[in-house]
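Notes follow once the structure below has been shown.
Every number here is computed from the coordinates shown, using simple stated rules; none is lab data. What you see is a predicted model; the values in this text were computed from it and never measured. A quick note on method: Cβ atoms are made from the backbone with ideal geometry, for glycine too, and the neighbour counts reach across all protein chains shown.
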Amino acid sequence: MVCRQLDYYSINIQCTDNDLFNLETHIGIFCLWLHSDISFKLCGEPNMEKIILLLLSLVLIVGCTQQCPTCSCPTYNCPTVTIIDNDYVSVDFIDVGQGDATLIKYKDTEMLIDCGDNSRGPEVADFLKEKGVTYLEYLMITHPDSDHLGGCDDVLRRIPTHTVITNGESKDTVSYREVMSEIDRETLIVASAGNEWNIGPATLKVLSSNTNSDDSNQNSIVSKLSFNDNDILLTADCDNDCERGLLDKDIEAEILRVAHHGSKYATGIDLLEKVNASVAIISVGDNSYGHPTPETLDRITQEGIALYRTDRDGTISIRIDDDSYQVE
């Protein structure tokens, strides 16, 4: 019997008599070890080719008239491998100039909140495609002002969408009619306070919706995104009466999306103290309203909150892990 050893490793196998055979032979088994230069891994996921070759090595049978020698090989210890946990939620505050567009994403589940104005729709759709969004689970339109709703018709045309969420308010504008004309096969939902939607392990809860105000901003959908111990308060254009209505709700959050592009009528001291955020984000661009106003910026600074602005920082991305978040 010959014990064949390739390179410098072999498998330790002992041959024994087999009572099922009446022949004066013993079963000899070649020892085979795959060299690491062959493109197989010693540790990790099962490799079908490796399994097949190992099985083949065990059925190479030759006859022998004496006991087969023992083929030995050293023990190989697989190194400890650290598994990286990619379980996180990402939130992108997209730079759409003077407007709003926010993408919430967990693996293959996404929600887009607002789409910027009419001219920004193609950019928003392109951004989603760059992020690997091929099917949008939710599109939320916080209220029908054109700088929030205007680009949504482009998004609906280019990206299949399952559910469209609105505050139920209509508006006699070209932008509104164009967007509503694109909603046909999508499920249309009118949001109410208390509604919740899941984006993977994260939950988006509606805190306020249409209050039947004559001012569309006061009817904005205000929501809170929660993932474990981290929260983001998303305020749309909620100011004045809408903001006062939030003060008796659960609005504490680590991150505040500042309402109405930094208008002086929003983000008062009472709200800032109740939210108690560490980070504030303003979505804003060139405008004739003076946004963000010095008054609002002063209040944010007074509370010691780190401030990010899309007009200066571009698209602002936040990654929320199990117990922490990062602003990028």
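Observations on the structure shown:
- Subtracting the Cα-Cα distance of Asp126 and Ser288 from their residue separation scaled by 0.36 nm leaves 55.6 nm.
- Taking label positions 7 Å along the Cα-Cβ direction at both Asp298 and Arg244, the computed distance is 2.2 nm, reported to one decimal.
- Of the chymotrypsin sites (Phe, Trp or Tyr not before Pro) in the range 287-328, those whose Cβ has at most 16 other Cβ within 10 Å and which sit in DSSP loop: Tyr289
- Length released on extending from Lys107 to Thr163, taking residue separation times 0.36 nm less the Cα-Cα span: 18.4 nm
- log₁₀ of I(q)/I(0) at q = 0.15 Å⁻¹ - the range 89-327, Debye sum with one point per alpha carbon: -0.97
- The string of couplings for the range 136-152 from the Karplus curve (6.51, -1.76, 1.60, θ = phi - 60°) is 9, 5, 9, 10, 9, 10, 5, 6, x, 5, 5, 7, 10, 9, x, x, 5 Hz, one whole number per residue in order, with x for Gly and Pro.
- Against the empirical 2.2 N^0.38 Å (N residues), the range 254-328 has a Cα radius of gyration ratio of 1.09.
- Other-chain or far-sequence residues with amide H under 5 Å of Asp231's (modelled H): Glu254, Ile255
- Once you reduce the range 218-283 and the range 117-184 to the center of their Cα atoms, the two points are 23 Å from each other.
- Long-range HN-HN contacts of Asn195 with modeled amide H, under 5 Å: Val206
- Pairs exceeding 32 Å between alpha-carbon atoms, taken from Lys129/Lys205; Lys131/Lys274; Lys171/Lys205; Lys129/Lys249: Lys131/Lys274; Lys129/Lys249.
- Less than 5 angstrom separates the built amide H of Leu136 from those of Thr161, His162, all sequence-distant by 5 or more or on a different chain.
- A full extension of the chain between Ser181 and Asn195 corresponds to an added length of 2.5 nm, given 0.36 nm per residue minus the alpha carbon distance.
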